[in-house]
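The values are calculated or read from the model by the stated rules, or taken from the named source; none is laboratory data. The model shown is predicted, which means the values in this text are computed figures rather than measured ones. Cβ placement follows ideal geometry from the backbone for every residue including glycine, while neighbour counts extend to all protein chains displayed.
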Amino acid sequence: MCPTPAARALVPLDADNFERLVMASPRPVAVVFWGPDCWPCHVLALTLERAAEAYGDRVTFAALDIGLIPQAATRFGVRGIPHLLFFTHGAVCCHFMGEIPWVYLRDKLERALQLQAQLSYNPHHRFTLPSQNSA
């Protein structure tokens, strides 16, 4: 994702692997939309490293450079970075824009895990994109 040590916990996404690693994932995926010149993105990477240590066995953490795949940002309504989208069963279940404090990130990860466990797998089921910083 970026030149910080925190990047090693994030799976880099590209046009070739996005569908397979995010949309078809059997477990929740937290995707950060970022850019290399975005200082808050680098700060957020440290929080995501902590999250990956705590939840890495149950949640996939990934990073998507919007400069390399701008159509993905458009597809999911990402208008600013950093922007975290949380996917369950291939659909957005919640999101957060900007730097996210650990306590809020933990809550969103717990929500994604609950939704993953509650919903039976239905590849045609889609959530609507929640409003800004919604649960």
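A few remarks follow.
- Hey, Gly77 in contact with a Leu (Cβ under 7 Å, 6 or more places away or on another chain), of a type in the set (Gly, Ala, Ser) and at positive phi or not: yes
- Among the conditions (1) closer than 21 Å to Ala9 by Cα; (2) modelled with pLDDT under 90, Leu68 misses just one, which is (2).
- Scope segment 61-109; condition part of a helix (DSSP H, G or I) and over 19 Å from Leu46 (Cα atoms); matching residues: Pro70, Gln71, Ala72, Ala73, Thr74, Arg75
- Subset of segment 1-53 [among the small types (Gly, Ala, Ser), in contact with a Cys (Cβ under 8 Å, 6 or more places away or on another chain) and modelled with pLDDT under 90]: Ala45
- So Ile100, is it crowded, with 16+ Cβ neighbours inside 10 Å, of a type in the set (Val, Ile, Thr), modelled with pLDDT under 90 and in contact with a helix residue (DSSP H, G or I) (Cβ under 9 Å, 6 or more places away or on another chain): yes
- Residue check, Ala91 under 25 Å from Gln114 (Cα atoms) and among the small types (Gly, Ala, Ser): yes
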